[in-house]
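Scroll down for the structure; my scribbles are underneath it.
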Ligand SMILES: [Fe+2]
Ligand SMILES: [Fe+2]
């Protein structure tokens with residue numbers, strides 16, 4: 001099974017890049033399943049039904065999220081719609097809407113969020129332990145989107161889950177890392193997929209807005225940047241027995 005994991009899609013340029021590039025990549029690389037990080041798909045903050053559908057029309061089979069999942073209040077009821085393949089981090093309190101994993105039969109996708117420099121959540125380590133103890137996914141490969149800021153926390157999770165899940169891929173920083181590898185006990189790992197968004201930006205947002213905040217320590221709304229986009233993703237090859245045989249970067253850019 002060939003699984004493409006796509007980094008955080010940021011706003012309209014990100015959606016356009018997914019529409020322009022994902023169908024071709026799916027075909028060229030014989031992708032069976034595309035998992036897309038959608039927490040920034042609606043103007044950089046959260047998700048809407050329309051923007052989720054845009055990702056699905058472009059070929060996203062599953063949409064994972066992160067700390068920005070709550071940004072659009074109108075989307076929250078849709079998190080409980082089982083027909084929408086959108087999941088949110090598993091390690092939030094039980095009282096929040098949505099679900100932390102999706103079972104696609106041949107594979108199970110789990111979403112977790114970190115706790116270092118990103119906000120409050122229950123322990124992602126305990127949450128995945130509890131999930132694995134349920135045996136819900138037994139016999140099938142499990143792919144984990146670990147949405148976290150600190151590469152140390154992400155590497156620690158990779159080691160914690162080595163040999164227990166098929167893959168741990170990091171998201172959230174919007175900056176792609178060059179460390180894809182198969183860990184000693186067989187789990188595919190990368191610290192961060194990167195993003196799908198404007199190249200001339202600060203993690204997908206207007207340079208001017210981001211700089212203003214850093215220079216003056218005053219709040220300013222971050223507008224989504226425009227221009228040419230990059231498309232960051234990772235291809236996982238998982239064999240018949242559910243064991244990953246390779247993990248490699250698949251990075252593209254839009255023409256204009
Ligand atoms: Fe993000
Ligand atoms: Fe995030």
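Bear in mind that the values in this text are calculations on the coordinates, not laboratory data. All of these numbers come straight from a predicted model, not from anything done at the bench. Please note: Cβ atoms are built from the backbone with ideal geometry, for glycine as well, and neighbour counts cover all protein chains shown.
Things worth noting here:
- What the Cβ-Cβ distance of residue 103 and residue 253 gives, at R0 = 35 Å and to the nearest 0.05, is a FRET efficiency of 0.55.
- With Cα atoms defining each centre, the range 87-119 and the range 136-179 are spaced 12 Å apart in the structure.
- Distance between the pseudo-spin-label points of residue 83 and residue 57 (7 Å out from Cα toward the beta carbon): 1.7 nm.
- The angle between the Cα long axis of helix 11-28 and the main principal axis of the chain comes to about 40°, on a 0 to 90 degree scale.
- Axis of helix 124-133 versus longest Cα principal axis of the chain: the two differ by about 30°, to the nearest ten degrees.
- The slack between residue 73 and residue 218, meaning 0.36 nm per residue of separation minus the straight C-alpha distance, is 49.7 nm.
- Efficiency of FRET between residue 241 and residue 151 - r from beta-carbon atoms, R0 30 angstrom, step 0.05: 0.50
- In nm, spacing of pseudo-spin labels at residue 30 and residue 48 (7 Å Cα→C-beta vector): 4.0 nm
- Restricting attention to the range 2-253, close to 50% of DSSP beta bridges with both partner residues there are antiparallel.
- Our summary of shape: the Cα atoms of the range 1-137 have principal axis extents of 38, 33, 29 Å, ordered from largest down, in whole angstrom.
- Inter-site label distance for residue 116 and residue 20 at 7 Å from Cα along Cβ, in nm: 3.6 nm
- Here the mean projected area of the convex hull built on the C-alpha positions of the range 190-256 is 6.2 nm².
- If you run the Gaussian network model on the chain, springs between alpha carbon atoms under 10 Å, then out of 149, 120, 39 the most flexible one is 120.
- The range 2-253 - convex hull of the alpha-carbon atoms, volume per residue in Å³: 118 Å³
- Each of 218, 157, 1 was scored by other Cβ atoms within 10 Å of its Cβ. Listed from fewest to most, they are 218, 1, 157.
- Here 68, 174 are placed in order of increasing Cβ neighbour count within 10 Å, fewest first, which gives 68, 174.
- Cα-based Rg and Dmax for the range 58-203, where Dmax is the largest Cα-Cα distance (Å): 14.8, 45
- The chain: angle of helix 207-216 to the longest principal axis, Cα-based, in degrees nearest 10: 80 degrees
- Available extension along the chain between residue 125 and residue 140 is 3.4 nm, counting 0.36 nm per residue and deducting the alpha carbon span.
- Relative contact order computed over the chain (Cα-Cα under 8 Å; 6+ residues apart), in percent: 20 percent
- The range 127-256, Cα convex hull volume normalised per residue, Å³: 132 Å³
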